[in-house]
Structure formats: C-alpha cells, structure tokens
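Enquirer: Got a structure for you, written out below as structure tokens; questions coming shortly.
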Amino acid sequence: MKDLLLNTDRMIVKSENGVGWMIFNQPKKRNAVSFDMWKSIPKIIDYFNSNSEVRVIVISGAGNKSFVSGADISEFEDKRNTKKQVEIYDQATNAANISLLTSEKPLIAMIKGYCIGGGLAIALSADIRIASNDSLFAVPAAKLGVGYRYAGVKQLMELVGPSYTKEIFFTGRKFNSEEALRMGLVNSVIGIKKIDSYIHKITDNIVNNAPLTIRSIKSAVNEGIKDPDDRDIMKVNKMVQECFESKDYVEGRRAFMEKRLPKFQGN
C-alpha cells in the first residue's frame, strides 16, 4: 500500500482495529476547513480505500466543541477573490465531496458540537451520522449571500424532505440535535460522554461483518437514490454475485453451523 503524504498538519489520519480515522484538526477555528484540508480529503479517502485492513472510516473533528464549522472564511480574500480563484477553490471542494460520496467503504460522521455549512455537507456525505446531544446544525448561506448548487440542495432534500430543506436554507438558523433527529438529519443522538463508546460499538459491528456484503448494500442504496435512468443495476448484481462466490460466504455458513463468530477476510 502506498504511503500517505499530506501538505498539511490540519488533518489527522490514523487507523486502528479496522477503523480509519479522518480528523479535521483546526480546533482554534472550530475545525473550519482550509483549502489545504479540502485538497487532502480525496488523498485520505483513497488511502483508506486501498488499505484492506480498514473496514470502516470515521470522520470527526478535533476536540469536543466542533465537528466542522464550515469553510475557513478567513482564506476567502486570498483564495476566492477572483473568478479563477473561485474556480480552483470550487474544484477542490467538489473533488473532496465526490471522494466522500464515492468511497467504497462505509463512512460514519461522529458529530460533536458545531456542524455548519460545509461541515454539514461533509456530514451528509457519510453513510451514518451520529451526533452528540450538544450538537448544532445550520446552513447559513442566506445570511452570507452565498449561492448553493443544486447537487447540495438535492442531497439534503433526499434526506430530510422538501419542507425541512426550505426551512434550513430560508432561516439559516441553528438547529439542535433533537431537531436534527426529528428531521432525519442524523441517525442517533448520544450523550457527549457516551458518544465515543457508541461509535466504537458500531465500528466493531461493521469491522466484524462481511466486507463484500456491506459493499454491495452500499452500492445498492446509492444506485437506488439516483434517477432511474442513471442507475447501474448490473453493477449491483455483479457485487451480489461476488458475495455468493466468495470465501467469506463459505466462512459465514461454516461459522453458523459451528456456532462460532465468523472471520471474514473480504474475499
């Protein structure tokens, strides 16, 4: 596996017990995402996807006060001041979001504190979102005069529906974790003191399950939310067939018959 070389210390990357951790590390700015951080995201996701020992990826923010508070606006004067700069910056953010959305492996967003603007977009790219009970969510685009592209609006609308999407964008206000749970914006809300152990339980379950099955399910769900004409059902069917032809399928049957936990290898 290739080494990971990043041009920033604002991203922490580590893997342990089958879990890859991508941590936004700018706590003094509530983990606002700088240009170099955006550029690092595709490299990190590719690094984890190429590591067979990593079964699941967790995205989080350094400290307990913020997941990601959005883009680092202090850079905009230098990084988004001209039409060309805006184009380059947008290419970086688009590449980052695409890498998250197309990750082969499950992504879990562990949200503590602020999850604002671009931070919410990052969280929406995860397969599962777990929030602490003190988390706050918002998209303040209307307070900044910022335009929001169709893809981002559609992504939120598919999760919470048209009415909540309009409320989130129209008001620009902060929503607490219970409101986010009611909308369907997050899967679960956990006490701040218990969220770490809760995440570890979820990741342990995923790590111990069959990777090929999980990959096929993720693909099926992702194809299912596309427009019908864009769905690649043949790809999903191929992945399902690979499950039945795998050594893991043999291992799963044997483990069941022998009344033991299976040891899946992902092949």
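The values are calculated or read from the model by the stated rules, or taken from the named source; none is laboratory data. The structure presented is a predicted model; accordingly, all values stated were derived computationally and were not measured. Please note: Cβ atoms are built from the backbone with ideal geometry, for glycine as well, and neighbour counts cover all protein chains shown.
Enquirer: Kindly check whether there is at least one residue in segment 66-78 that is free of Cβ contacts under 8 Å to residues at least 24 places away in the same chain and not charged (D, E, K, R).
Expert: yes
Enquirer: Is one or more of the residues making up segment 183-202 over 22 Å from residue 108 (Cα atoms) and among the hydroxyl-bearing types (Ser, Thr, Tyr)?
Expert: No, segment 183-202 contains no residue that is over 22 Å from residue 108 (Cα atoms) and among the hydroxyl-bearing types (Ser, Thr, Tyr).
Enquirer: Working only within segment 255-266, note down all residues that are of a type outside the set (A, V, I, L, M, F, W, C) and either more than 25 Å from residue 128 (Cβ to Cβ) or crowded, with 16+ Cβ neighbours inside 10 Å (or both).
Expert: Hits for segment 255-266 are 258, 259, 260, 262.
Enquirer: Continuing with the same structure: Given (1) buried (at least 16 other Cβ atoms within 10 Å of the Cβ); (2) without any contact (Cβ under 8 Å) to a residue 40 or more places away in the chain, identify the lone condition not met by residue 24.
Expert: It fails just one condition, (2).
Enquirer: Pick from 82, 102, 171: which is among the polar types (S, T, N, Q) and closer than 22 Å to residue 57 by Cβ?
Expert: Every option except 102 fails the conditions.
Enquirer: Could you list, in sequence order, the residues of segment 50-66 that are touching a helix residue (DSSP H, G or I) at 6+ places or on another chain (Cβ under 9 Å), surrounded by fewer than 18 Cβ atoms within 10 Å (Cβ to Cβ) and closer than 30 Å to residue 263 by Cβ?
Expert: Selection gives 52 alone.
Enquirer: Follow-up. Filtering segment 192-233 down to residues that are part of a helix (DSSP H, G or I) and of a type in the set (Asp, Glu), which residue is farthest from residue 59 (Cα to Cα)?
Expert: 229
Enquirer: Please work out which residue is surrounded by the most Cβ atoms within 10 Å (Cβ to Cβ), limiting yourself to segment 106-119 and to residues that are in contact with a strand residue (DSSP E or B) (Cβ under 6 Å, 6 or more places away or on another chain) and not in a strand (DSSP E or B).
Expert: Per the stated criteria, the residue is 119.
Enquirer: If you don't mind, there's one more thing I want to ask. Does segment 163-191 hold any residues that are in a strand (DSSP E or B) and within 19 Å of residue 153 (Cα to Cα), and which are they?
Expert: 175
Enquirer: Return a yes/no flag: does segment 208-217 have any residue that is within 17 Å of the chain's Cα centre (by Cα), over 21 Å from residue 64 (Cα atoms) and either surrounded by fewer than 16 Cβ atoms within 10 Å (Cβ to Cβ) or of a type in the set (A, V, I, L, M, F, W, C) (or both).
Expert: Yes, some residue in segment 208-217 is within 17 Å of the chain's Cα centre (by Cα), over 21 Å from residue 64 (Cα atoms) and either surrounded by fewer than 16 Cβ atoms within 10 Å (Cβ to Cβ) or of a type in the set (A, V, I, L, M, F, W, C) (or both).
Enquirer: Only one residue in 195, 214, 233, 225 is assigned by TED's automatic domain parsing to the domain that holds residue 19 and out of contact with any Cys (no Cβ under 9 Å at 6 or more places or on another chain), so which one is that?
Expert: Just one listed residue meets the conditions, 195.
Enquirer: From (1) under 16 Å from the mean Cα position of the chain (by Cα); (2) buried (at least 17 other Cβ atoms within 10 Å of the Cβ), pick out the condition that doesn't hold for residue 35.
Expert: Only one criterion in (1) under 16 Å from the mean Cα position of the chain (by Cα); (2) buried (at least 17 other Cβ atoms within 10 Å of the Cβ) is unmet by residue 35, namely (1).
Enquirer: Restricting to strands (runs of 3 or more DSSP E) lying wholly in segment 1-105: which have 2 or more residues that are closer than 14 Å to residue 125 by Cβ and touching a Cys at 6+ places or on another chain (Cβ under 9 Å)?
Expert: Of the strands (runs of 3 or more DSSP E) lying wholly inside segment 1-105, those with at least 2 residues that are closer than 14 Å to residue 125 by Cβ and touching a Cys at 6+ places or on another chain (Cβ under 9 Å) span 66-68.
Enquirer: Now, a different point. Among all residue pairs at least 6 apart or on different chains, which show Cβ distances below 7 Å where the first residue, located in segment 83-111, is assigned by TED's automatic domain parsing to the domain that holds residue 73 and the second is at pLDDT below 90 and not acidic (Asp, Glu)?
Expert: Close Cβ pairs (under 7 Å, with a partner that is at pLDDT below 90 and not acidic (Asp, Glu)) amount to 85/79; 86/80; 89/79; 89/80.
Enquirer: Among the listed residues 252, 191, 224, identify the single one that is in contact (Cβ under 8 Å) with a residue 24 or more places away in the chain and exposed (fewer than 15 other Cβ atoms within 10 Å of the Cβ).
Expert: 191
Enquirer: Sort through 71, 62 and tell me the only one that's at pLDDT 95 or above and within 30 Å of residue 143 (Cβ to Cβ).
Expert: Of the residues listed, the single one that is at pLDDT 95 or above and within 30 Å of residue 143 (Cβ to Cβ) is 62.
Enquirer: Residue 266 fails exactly one of the following numbered conditions: (1) assigned by TED's automatic domain parsing to the domain that holds residue 57; (2) touching a residue at least 60 places away in the same chain (Cβ under 8 Å); (3) of a type outside the set (Lys, Arg). What is the number of that condition?
Expert: With (1) assigned by TED's automatic domain parsing to the domain that holds residue 57; (2) touching a residue at least 60 places away in the same chain (Cβ under 8 Å); (3) of a type outside the set (Lys, Arg) applied to residue 266, the lone miss is (1).
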